[in-house]
Amino acid sequence: MVQATLVIPINLHKRIISGFLLGLISKLMLPEHPLNRKSWQVDDSKLMPEQALQVIAAEIVGDHPRL
């Protein structure tokens, strides 16, 4: 059995992550979008920026479960 390794250039990573963030931000900007009424469980012992990253990660994984 041969294991293949996929190498993705760093610029592609940045473009993919930027796309995910723009998608999330665009949903949050629509007042009628269900995401605006959603709540997330975050670790309240962490600082707010770390809590925000938890929310962002949860939403990206929710939209793209194969990641």
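Restricting Leu30, Leu6 to residues that are in a loop (DSSP other than H, G, I, E, B) and at pLDDT below 85 narrows the list to Leu6. In region 49-67, the residues that are outside any helix (DSSP H, G or I) reach residues that are loosely packed, with under 13 Cβ neighbours inside 10 Å with C-beta atoms within less than 8 angstrom, at least six apart or across chains, in these pairs: Leu67/Val61.
The values are calculated or read from the model by the stated rules, or taken from the named source; none is laboratory data. Note that the structure is a prediction, hence the values are computed from the model and not measured. Cβ: placed from backbone, ideal geometry, glycine included. Neighbour counts: every protein chain shown.
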